[in-house]
Amino acid sequence: MNISIARPDRALAAALQQRIDAKTKPLGALGRLEALAQQIGLIQQSLSPELRRPHMLVFAGDHGAARAGVSAYPQDVTWQMVENFLAGGAAINVFARQAGMALSVVDAGVARDFGKRPGLIDAKVAPGTANYLEMPAMDATRRDAAMARGRELARELAEQGCNVVGFGEMGIGNTASASLLTHCLTCAELDIVVGRGTGLDDAGLARKRRLLAQAVARGGRVADPLEALAQYGGFEIAMMAGAMLGAAEAGMILLIDGFIVTSALLVAHSLCPAILDYCVFAHRSQEPGHAVQLAHFNTEPLVQLDLRLGEGTGAALVYPLVQAAVNFLNEMASFDSAGVSGQA
């Protein structure tokens, strides 16, 4: 995959900061919103950035290792939750509607035939990955196909006028994949990045840790991002990584959700570090591995709400903060325009 992500030209940073500082407020009084406004202005290379046609993409896929007991839920919950998304009844549906974001569910590799459905993008690579306890989760051909399809989806959104995209996921067992990818692509030890996922009890957590250690004993702690993805990833994670790269190539704002979404970003960032300039980190998940990922990127998310649902819920919840950052930059009066005295 030939990826070309341009770093935003920082020559505009001083002018953006001057515009922010001239608003009718004490210097820095809007805190993190000021940094967010500058980031968005730099992404769009504009003193008056715009948010157009915001869209949530929720990638779904099944994992062969799920049947080995890495999750508290049966694998059928993946397709059942996809049906819930399509019916408009999940948390991400509620929050996306509230934020005025369009939502598409991407079948990257669910073990179910949904047919042609409104709101569903059929991008199925295969009906689930192989069991990485026994063999690589996917071969290079399927991995590359998933990433290429994700990149294509992002480009299609950009062509439709979208310039801000939120990333979400669904796949029973995908916190286990995210843990393995985080272990491979950061300096963290495996036990530190393995959490309870969908709600494992202590015995379930211990079993999950044993199984993931078994997977690493088979496949190794792989530092190469593409090989790590093939060994331990899911089709939804691979397609999401490709979509992130495509969205950044198109100059879009990327709303990064929690642990699984950030594991896809670990892959994308390892391939093209410039992607980080386009990323807005939404929240800090309760999954312990998410703190490790955020530290790896040396970043702080916008909020901490003790979320651990996934689906892109954190990304949708912070979209109004992104709107607020853009709106104050564009609509708030300056000291001069309002006739208000500035600091002496």
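Of all the criteria given as (1) farther than 29 Å from Q286 by Cα; (2) surrounded by fewer than 19 Cβ atoms within 10 Å (Cβ to Cβ); (3) free of Cβ contacts under 8 Å to residues at least 24 places away in the same chain, the one not satisfied by G161 is (3).
Pairs meeting the criteria (first residue in the range 291-308 and closer than 19 Å to L190 by Cα, second residue part of a helix (DSSP H, G or I) and small (G, A, S), beta carbons under 9 Å, at least 6 apart or on different chains) are Q293/A178; Q293/S263. Of all the numbered requirements in (1) over 20 Å from the mean Cα position of the chain (by Cα); (2) surrounded by fewer than 22 Cβ atoms within 10 Å (Cβ to Cβ); (3) of a type outside the set (A, V, I, L, M); (4) under 17 Å from S285 (Cβ atoms), T198 misses one, and that requirement is (1). Condition check for G41 on (1) of a type outside the set (A, V, I, L, M); (2) assigned to a loop (DSSP other than H, G, I, E, B); (3) at negative phi: one failure, at (2). Per the conditions (1) farther than 27 Å from I172 by Cβ; (2) out of contact with any strand residue (DSSP E or B) (no Cβ under 6 Å at 6 or more places or on another chain), the sole criterion not satisfied by T299 is (2).
What tally of residues in the range 304-344 results from selecting those that are under 16 Å from A99 (Cα atoms) and of a type outside the set (S, T, N, Q)? Give the derivation first.
Filtering the range 304-344 for residues under 16 Å from A99 (Cα atoms) gives 311-327.
Within this subset, residues satisfying the condition of being of a type outside the set (S, T, N, Q) are 311-312, 314-322, 324-326.
Matching residues across the range 304-344 total 14.
The single condition among (1) in contact with a Leu (Cβ under 7 Å, 6 or more places away or on another chain); (2) polar (S, T, N, Q); (3) more than 22 Å from P8 (Cβ to Cβ) that S270 does not satisfy is (3). Residues of the range 13-38 that are within 27 Å of the chain's Cα centre (by Cα), surrounded by fewer than 18 Cβ atoms within 10 Å (Cβ to Cβ) and part of a helix (DSSP H, G or I): A13, R32, A35.
Out of the range 84-122, which residues are of a type in the set (F, W, Y) and within 18 Å of the chain's Cα centre (by Cα)?
In the first step, residues of the range 84-122 are kept if they are of a type in the set (F, W, Y); the result is 85, 95, 114.
Correct list: F85, F95.
Residues that are on the phi < 0 side of the Ramachandran plot and surrounded by 17 or more Cβ atoms within 10 Å (Cβ to Cβ) number at least 3 in the following helices (runs of 4 or more DSSP H) confined to the range 280-344: 288-296, 313-331. Selection of the range 164-195 for residues being among the polar types (S, T, N, Q) and surrounded by fewer than 24 Cβ atoms within 10 Å (Cβ to Cβ) yields only T186.
When you go through V70, V106 one by one, which is the residue that is touching a Phe, Trp or Tyr at 6+ places or on another chain (Cβ under 7 Å) and in contact (Cβ under 8 Å) with a residue 60 or more places away in the chain? Break it down stepwise before answering.
Values: V70 fails: touching a Phe, Trp or Tyr at 6+ places or on another chain (Cβ under 7 Å).
On inspection, the qualifying residue turns out to be V106.
No other residue among L190, L200, L205 is of a type in the set (A, V, I, L, M, F, W, C), closer than 17 Å to G289 by Cα and modelled with pLDDT of 95 or more apart from L190. With respect to the stated conditions, A96 fails to be without any contact (Cβ under 8 Å) to a residue 60 or more places away in the chain and either among the acidic types (D, E) or under 21 Å from L309 (Cα atoms) (or both).
The single condition from (1) surrounded by fewer than 22 Cβ atoms within 10 Å (Cβ to Cβ); (2) on the phi < 0 side of the Ramachandran plot that A90 fails is (1). Here is a list of conditions, (1) in contact (Cβ under 8 Å) with a residue 12 or more places away in the chain; (2) of a type in the set (G, A, S); (3) touching a Lys or Arg at 6+ places or on another chain (Cβ under 9 Å); (4) under 19 Å from G168 (Cα atoms), and G88 meets all of them except one; can you say which number that is? Just one mismatch for G88, condition (1).
The values are calculated or read from the model by the stated rules, or taken from the named source; none is laboratory data. All values reported here derive from a predicted model rather than from experimental measurement. A quick note on method: Cβ atoms are made from the backbone with ideal geometry, for glycine too, and the neighbour counts reach across all protein chains shown.
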